[in-house]
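The values are calculated or read from the model by the stated rules, or taken from the named source; none is laboratory data. Fair warning: this is a prediction, and the values are worked out from it, not measured in the lab. Please note: Cβ atoms are built from the backbone with ideal geometry, for glycine as well, and neighbour counts cover all protein chains shown. With ligands, DNA and RNA removed, areas are computed over all heavy atoms of the protein, side chains included. Shrake-Rupley method; radii C 1.70, N 1.55, O 1.52, S 1.80 Å.
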Amino acid sequence: MSEANPTAVPQPAGATRSRRIGRAAARGGDAASVPGGALAFQRMFTRLGCQGRPPQFAVEFYPYANLSHTIRLRDDDATARLSDVLRGAPLGVIEATAAVLLGRLYRKRVPHELMHLYRQFSAAPSTERRIRRLRQNRARRPTLPARGQTHDLAPLFTALNRDYFGGRLRRPALAWSARIWRRQLGCFDPGLDLIVLNVRLDRPGTPQYVVESILFHEMLHVKHPLRVARCGLEIHSLEFRREEKRFLHFERARRYLKHMR
Ligand SMILES: [Zn+2]
């Protein structure tokens with residue numbers, strides 16, 4: 001049986017089904033049962049109009065380093081793992097989270113007010129602070145030094161800072177990812193104050209302006225911090241998008257990345 005897989009396709013009855021909210025980055029640690037969690041899931045099972053007999057729910061907190069939750073259904077047992085970030089959250093938020101997870105699992109529409117409640121909680125400043133704190137404690141993904149095999153990020157940062165930020169942008173830590181990421185080319189993590197670029201770009205075939213374009217994008221995130229910042233969650237305002245185009249080779253880099261394999 002596999003741990004929840006975000007791209008898992010629902011399997012026939014009797015097999016394991018799993019769903020996930022967010023991009024989980026779990027670290028080891030003790031899971032603890034969520035008070036009233038199983039009942040909340042049962043209530044939401046009914047409220048969403050899920051078919052058949054509800055499974056036995058086991059609901060636990062799990063040390064996901066961000067607002068990620070997973071659910072796994074195997075025969076009559078459903079195990080839900082809610083992010084630690086929800087510890088101490090009001091029961092209504094637990095219910096809303098249950099509804100979102102069950103909605104994914106059973107492909108049911110989540111009532112608007114529950115969706116709203118969940119989103120409101122996700123975007124709350126106190127949630128942001130909690131996520132940041134948890135990330136600082138445990139989310140560090142392995143990285144390589146800024147000076148890569150081909151491209152050195154430090155001088156690129158300095159040049160971009162001079163050319164586009166009047167040299168005034170505060171410099172966070174810079175690194176290459178230790179492993180090739182499939183989905184992202186770069187990431188700024190305000191919790192760690194760290195820009196990481198996908199090591200996949202650190203090769204002789206990648207033109208410098210392409211690396212610069214990604215670095216420039218992440219530098220804009222340093223300049224315009226997200227309210228709830230999570231790597232992989234792309235929130236870009238129109239203003240951000242406009243500013244991104246100031247990079248001299250923006251279109252050229254975009255064309256290159258489109259065809260990059
Ligand atoms: Zn971005």
Query raised in the report: How many residues does segment 203-222 hold that are touching a helix residue (DSSP H, G or I) at 6+ places or on another chain (Cβ under 7 Å) and assigned to a helix (DSSP H, G or I)?
Result: 11
Query raised in the report: Which residue pairs have Cβ atoms closer than 6 Å, lie 6 or more positions apart in sequence or on different chains, and pair a first residue in segment 125-145 that is closer than 14 Å to A89 by Cβ and hydrophobic (A, V, I, L, M, F, W, C) with a second residue that is surrounded by 19 or more Cβ atoms within 10 Å (Cβ to Cβ) and modelled with pLDDT of 85 or more?
Result: I131/V85
**Report entry** L67, sole failed condition from (1) part of a loop (DSSP other than H, G, I, E, B); (2) open to solvent by 40 Å² or more (accessible area, probe 1.4 Å)
**Finding:** (2)
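So that you can scan it fast, the table gives a plain yes or no per residue for (1) within 14 Å of the ligand (Cβ to nearest atom); (2) within 17 Å of R255 (Cα to Cα); (3) open to solvent by less than 10 Å² (accessible area, probe 1.4 Å); (4) without any contact (Cβ under 8 Å) to a residue 24 or more places away in the chain:
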residue	(1), (2), (3), (4)
T150	no, no, no, no
L160	no, no, yes, no
R171	no, no, no, yes
P190	yes, no, no, no
L201	no, yes, yes, no
P204	no, no, no, no
Y209	no, yes, no, no
Report task. Return the only residue of R170, R200 being outside any loop (DSSP other than H, G, I, E, B) and not β-branched (V, I, T). Result -> R200
Query raised in the report: List the pairs whose first member sits in segment 51-64 and is of a type in the set (V, I, T), whose second member is assigned to a loop (DSSP other than H, G, I, E, B), and whose Cβ atoms are under 9 Å apart, counting only residues at least 6 apart or on separate chains?
Result: V59/V34; V59/G36
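Residue-by-condition table, conditions (1) within 18 Å of H249 (Cβ to Cβ); (2) within 16 Å of the ligand (Cβ to nearest atom); (3) surrounded by fewer than 18 Cβ atoms within 10 Å (Cβ to Cβ); (4) not hydrophobic (A, V, I, L, M, F, W, C):
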site: G166; (1), (2), (3), (4): no, no, yes, yes
site: W176; (1), (2), (3), (4): no, no, no, no
site: V196; (1), (2), (3), (4): no, yes, no, no
site: E212; (1), (2), (3), (4): yes, yes, no, yes
Report task. Select from segment 185-194 the residues that are within 15 Å of the chain's Cα centre (by Cα) and in a strand (DSSP E or B) and list them in ascending order. Result -> G186, C187, F188, D189
Query raised in the report: Can you pull out the residues in segment 70-83 that are under 30 Å from R129 (Cα atoms) and surrounded by fewer than 22 Cβ atoms within 10 Å (Cβ to Cβ)?
Result: T79
